[in-house]
1. So, R0 is 30 Å and r is the distance between the beta-carbons of A:ALA177 and A:ALA226; what FRET efficiency does that work out to, to 0.05?
2. How high is the relative contact order of chain A, given as a whole-number percent (alpha carbon pairs under 8 Å, six or more residues apart)?
3. Please compute the length gained on full extension between B:GLU26 and B:ASP168, using 0.36 nm multiplied by the number of residues separating them and subtracting their Cα-Cα distance.
4. Using a 1.4 Å probe, how large is the accessible area of A:HIS55, given in Å² and rounded to the nearest 10?
5. Given R₀ = 51 Å, what would the calculated FRET efficiency be for B:SER8 paired with A:THR73, taking r from the Cβ atoms and rounding to 0.05?
6. Would you list B:LYS181, B:LYS79, B:LYS187 from the most to the least accessible area, probe 1.4 Å?
7. Roughly what would the spin-label model give for A:GLN143 and A:PHE5, points 7 Å off Cα along C-beta, in nm?
8. Output the 0 to 90 degree angle, nearest 10, between the alpha-carbon long axis of helix A:215-247 and the longest principal axis computed from the alpha carbons of chain A.
Amino acid sequence: MKIFFWRGVILVGLFGAWEILARQLNPVLYVPPSAAWPAVLRIARLEAFPEFPTHVVVTLWEILVAFALAIVTGLGLGFVLGLRRFLGEVYEPILSSLYAIPSVVWYPSLMLFFGLGPASKMAFGFLLGFFPIVLAVLAGIRQVDPHLITVARSMGARPFPLFWKVVLPAMIATLLAGVRAGLALSVVGVIVGEILGSREGLGSLVNYAYGLFRTPDYVALVFAIAIMVFAIDGAAGMIEARARRWSG
Amino acid sequence: MRDQIVISGVSKTFQTASGPVPALAEINLTVRRREFLTLLGPSGCGKSTLLGIIGGMVTPDGGVVEIDGMKLDRPDPKKVALVFQDPGLFPWRSALENVEFGLELQGVPKTERRRAAQRLLEPVGLKGFEAKYPRELSGGMKQRVAIARALALQSPILLMDEPFGALDEQTRLLMGEWLLKIWATTKTTVVFVTHSLQEAIVLSSRIVVMTARPGRIKALFEVELPYPRDLTAKEATELRAQLWGFIREESLQAMEGRV
Ligand SMILES: Nc1ncnc2c1ncn2[C@@H]1O[C@H](COP(=O)(O)OP(=O)(O)OP(=O)(O)O)[C@@H](O)[C@H]1O
Ligand SMILES: [Mg+2]
């Protein structure tokens, strides 16, 4: 309860400061909350962008595909490299150095490959989401206490139960943290991709509103995206809690 | 047939980055059904390796180990259970769930294995601690959970590698007493590794002294004193002196080899 109270205080304080500051500045560029709120309502009533729901669906779909691909390949490659020590030692430095390159540099080539449509956004979201997942799997496997493997083996555990009942639960926290970071980055990848060039999706609306100096609409879109991200993250948090409970 | 484990001509050399390390050379030993056999020897003489070979965890380079006339080429809880110095409890499982682990692997239904695990926590003095996680247990309690987890397998042979090595002196003595009770009631064969002469004398029906690396068998003692053992009895102090004579020599050699 106390936490919610203080969160509320901080939120009100931030909005208040924003309102006061924005009123001193050029209203075309700096939108106070009092001006953003009507814009939010205009979006909700589908007045600002009649096609708004379609754009939301496009963005969510791109995120879903990007993240699903990132999970499947990230976990798959991670476990193959992590459980085969030699392969892991060969490839992990390569992955780490690729991860260190600012990912945006890949985007132009992705656009060339996949065009302006959703495919290039999915590819970029996938690329961003993939690295934290694969690296988390590798780090997680490394932190499994080998003695626990010995103990389980001595009790007759064969490779498959060994994986499900020892390796996976022992690394689950690291793995889930990586998957969640991957989700956040997949969202970033998709939206940045849309902003950098597209005709559909929330990012394209941001670009459009901004280009026409419809700054209140732009701010309202940022709110909409924030709400969407909170919802996605909340759902992810719930799934994570379940997975943790499964592992005990 | 009195001999349950027959070890013939077992040797093992580890290939390491700094060259081959001969750990065991030509071990011949038999273990009788329901005895309490203790391996004593200087550090690094291959005691853990020998236990690993008996338990099917390590493959020997030469020789064979037969349990009830059969070779074991991988761990088989129907034959052998192991307990290590580090209890190695699964931190994400409660005490009870840890004890259940082996039965779970064998596909025993949940209610049944839960009941079996519960029954085991009582004699190890952990009734009421079922729901506790390893981090909430003391060192002695953890090791008792680990032993209960091994006992749950109901293997006829229990191999214990310095199970009380990490515990303080008092806990260690109490755990020894407790283990003797368990041994008496479960009727298992125990092969036990320790560095403590006292522990060996209190617990064992036979004591094997091994040489410095590569380990061989140097001497074998039958301990015919009745349980519970009195360490101040004349026979016990004599045995201790004798054991120390053998161990001292080998430990010196092991130390010099290392310096
Ligand atoms: N997996 C391994 N790889 C390489 N060398 C090993 C391996 N396991 C054991 N050794 C070496 O073999 C020798 C015997 O080891 P072992 O652990 O069996 O000795 P120990 O008698 O149990 O020693 P301690 O009393 O210290 O526990 C040691 O020199 C050890 O370094
Ligand atoms: Mg050892």
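The values are calculated or read from the model by the stated rules, or taken from the named source; none is laboratory data. Please read all numbers here as calculations on a predicted model, not as lab measurements. Note: ideal-geometry Cβ built from the backbone for every residue, glycine included; neighbour counts use all protein chains shown. Just the protein is used for accessible areas: all its heavy atoms, side chains included, with ligands, DNA and RNA removed. Shrake-Rupley method; radii C 1.70, N 1.55, O 1.52, S 1.80 Å.
1. Working: r = 22 Å, r/R0 = 0.73.
Efficiency, from the Cβ-Cβ distance: 0.85.
2. Numbers: 266 pairs, mean separation 63.5, N = 248.
Result for chain A is 26 percent.
3. Difference between extended and current length: 47.6 nm.
4. So the heavy atoms of A:HIS55 present about 30 Å² to solvent.
5. Once rounded, the FRET efficiency stands at 0.50.
6. B:LYS181, B:LYS187, B:LYS79
7. It is 3.5 nm.
8. The angle comes out near 20 degrees.
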